[in-house]
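Presented below is the structure to which this report refers.
Every read-out reported here was derived from the displayed coordinates using simple, explicitly stated rules and does not represent laboratory data. Since the model is a prediction, treat every value here as computed from it, not as a measurement. Cβ: placed from backbone, ideal geometry, glycine included. Neighbour counts: every protein chain shown.
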Amino acid sequence: MLRKLFFTLAVATSVLALNGAAWADITILVPSGSEGDGLRAAAADYAKLKGTKVEAVQAPYANVFEQGANAGSTKSGVFDIILMDDPWIPFFAENGHLEDLTPFFKSAGMEGPDSDFLSKSLAICRNPYNAGPYVCLPYVGNAQMFFYDAAKFKEAGVDVPKTWDDVLKAGKTLTDGGGGRYFGYVFRGGQGNPVVADFMPIFWSYGADMFNADRTKVTIDTPEGAAAMKTFMALRDISPKGVESYNANEVGTALAAGTAASSINWPNWVATFEDPSQSKMVGKISYSPIPAGTKPGSSEIGHWTMGIMSASKNKQEAFDFMVWATSPEQIKISAERGNPPVRASVFTDPELTKQEKFRHYPVLMEAIQASTPRPRHPKWPEIENAFGIELSKAVAGTVTPEEALKNAQDAVSRITNIY
Amino acid sequence: MVGSASGMSTAQLRPGGGLERWAERHLRVLMLAPTVIILLGLTIFPSIYMFYAAVHKISPNPDVPWDFVGPGNFVRLLSDQQFHVALLNTTVFTVLAVTVEFLLGLGLALLLDKYIRRLTFLKTMLMIPMMLPPIAVAITWKLIYEPQFGVLNEIMYRLGLPLQAWAGDVDLAMFSIIVADVWQWTPFIFLLMLAGLASLPVEPYEAAALDGASSWRQFWDLTLPFLKPVIAIALLLRVMDALRLFDLVFILTGGGPADRTKVLSLYIYQVAYRFADPGYAAAISLFVLFVTIILSTWFMNRMRLAD
């Protein structure tokens, strides 16, 4: 009898282990951090409300891409929904990992996502960008803003930094007076995604771009690119030593601890800066659009978007969940949980905007609408890596800014086969 | 006849019947079977699969068939600058880290074995870094090296020395990784050397002492030759492990700044998972495997010849 019981238990345990999250009706792959936490909380609410079992599998940022790509290329169907960083969309869509949402909208009697979503938020969910069918729905409305300590900037003679020259002027004064312990600017200089993410807005604000409009030419090594690089190097010179290895945490810590006066940053850091248990700068940090160079400043958009994996066996259930999770009511709840919204009605909701912790919403909404997506290319991770190496070399001073631009131009041409 | 899945009759399955005799006849095969199955599943099959992948261009799109490229992925290694950088960095790291670990490990073992034999507590303390998960070691050193809030720069500041960007400076990043690795793996060499020293015969030393040989002479002519097999194993294991370095670099520098700490394992990971090019990643992995086998064989042969 005991042997039989043991055998049954062993079989049951093995089956459970092999099936992983097979008990769930929908399985979602989400990143660690506030975005993933928010969607996981929403999934729990959905399970209670609809009786659908939703399993949220959380992984660090880079692993979400890897696990999604693995699931897609093996057609494993282990994940029904993936919460993606928007530059990954071309890779997933063009390699057949994402489901076209058009038939689902049609069968639900909808034309597509409603017009309350911000237009820039919707544009990234179409592949090709702003033209093809919808392959995802926007969930977290990230776009970079300029964060600065207004009092310190004022002391340094700049009321509101509208241009990069303003930032440099105030930043230099603050760094020079900081005695090596306080800095006017800080940025993510870590090789790869971090340094690229913090360079692109400066690149765009000088009229530069990675490709020309019809994608027939790589345009990194141009006079506009050189002007952007010159500003970037000047900003490096007023940043803390070691910025070459900084990622989001180091930049966030420097601002929250009050050892740096300004940076480009993502809105999900606002909650940290306004939390007295994590920040010395509560109520002291101001938020503004990305400063202008020779052209108006433009934020890098970095939305988190939900797409249905092509190999999913629960596509309709996944679509129903996505529509529910991106409804105005749920996006408002998500905003209250610390994730920036993607809907105009939530950005302008008086219940939220009257609260101090949402005082950045008008600026963020403006930033999203003036944002630029990272170049839409299925090989973006490889392009970003190559560009990131050259930028890292320039920041570290092992090559001149001119050499970095030329090398990056060559590397990106080689990867994309565009000469 | 009531048959079972294996085609044996009920009579055969009865205890003391045919099954017992059959099992006895095939006992050797039965005992070896689990090991062979595990070996096939976990080593042989993945190795063959890796060879197969290395000669194909594999698209991340599951509907695109694998494209046979023959030696194409291996030829690509010749012109891939990132691979060359990773290879150079891996070589620099392996040579420097293993040399320092060996010298420190041997020195500590000689010191503790000869002079402070009874301090078992100290020996245990010295071994703690080796027992820690590599990821915990990497995060600890990341906090130590943190330029603004790290303890190392705090000490520098209090001593009036210039602050350093330990993991962020092109000239210091590799050094910082080596220091963290030395901290973790010197105890491994120390442990092996200590075991080696404990097993040395006493008589040759007594004879040498009677002949008036100095301590240095005894170390050079007796201890080192006696320890040679242990040294060979320790160095071999450390070299093989150093060639696979990943965790420290991934956490501390991500391969930067300016590619100064990009090592082969990190590059293989990037190629396979970030650039979604598993065929090329398999080719680089095979290259590393090939180098490891050549190095190990050469090393073992030299040690045997020397004996």
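A few comments on the model shown:
- Computed over the Cα atoms of the protein assembly as shown, the ratio of the radius of gyration to the Kirkwood radius (Rg/Rh) comes to 1.03.
- The protein assembly as shown - mean residue ellipticity at 222 nm from DSSP helices (-39,500 (n - 2.57) per run, n ≥ 4, rounded to 500): -17000 deg cm²/dmol
- Taken residue by residue and averaged, Cβ atoms of other chains lying within 10 Å of the Cβ of B:248-254 number 2.
- Using a cut-off of 31 Å between Cα atoms, the listed pairs A:LYS120/A:LYS393; A:LYS313/B:LYS57; A:LYS217/B:LYS142; A:LYS53/A:LYS354; A:LYS332/B:LYS142; A:LYS241/A:LYS280 include A:LYS120/A:LYS393; A:LYS217/B:LYS142; A:LYS53/A:LYS354; A:LYS332/B:LYS142 as exceeding that distance.
- Hydrophobic, long helices, defined as DSSP H runs whose alpha-carbon span along the helix axis is 30 Å or greater and whose mean Kyte-Doolittle value is at least 1.6, occur in chain B at B:173-198.
- Per-residue mean of foreign Cβ neighbours for A:234-242 is 3 (Cβ atoms of other chains, 10 Å radius).
- Neighbouring partner chain Cβ atoms per residue of A:185-198, average, 10 Å criterion: 2
- Most mobile listed residue (B:ILE38, B:ILE178, B:ILE139) in chain B, GNM with C-alpha springs under 10 Å: B:ILE38
- Between the amide H of A:SER286 and those of A:TYR148, A:ASP149, A:ALA150, distances stay under 5 Å, these residues lying 5 or more places away or on another chain, with hydrogens modeled in the peptide plane.
- Backbone N within the stretch B:261-283 under 14 Å of label point (7 Å from B:TRP66 Cα along the Cβ vector): B:277-283
- Treating r as the C-beta distance of B:LEU119 and B:TRP220 and R0 as 22 Å, the FRET efficiency rounds to 0.25.
- Top of B:VAL64, B:VAL95, B:VAL170 by mean-square fluctuation, Gaussian network on chain B, Cα under 10 Å: B:VAL64
- Each label point was placed 7 Å from the Cα along the Cα-to-Cβ direction; for A:ARG181 and A:ASN212 their separation is 5.4 nm.
- Taking all Cα pairs closer than 8 Å and separated by 6 or more residues, the relative contact order of the stretch B:83-306 comes to 29 percent.
- Listing A:TYR134, A:TYR419 from fewest to most neighbouring C-beta atoms within 10 Å gives A:TYR419, A:TYR134.
- Less than 5 angstrom separates the built amide H of A:ASN127 from those of A:GLY132, A:VAL135, all sequence-distant by 5 or more or on a different chain.
- The amide H of A:PHE211, built 1.01 Å from its N in the peptide plane, has A:THR219 as neighbours under 5 Å, considering only residues 5 or more places off or on other chains.
- For the residues B:ARG260, B:ARG21, B:ARG76, a GNM of chain B with alpha-carbon springs under 10 Å puts the largest fluctuation on B:ARG21.
- If you take the Cα centroid of the stretch B:281-301 and the Cα centroid of the stretch A:270-332, the two points sit 46 Å apart.
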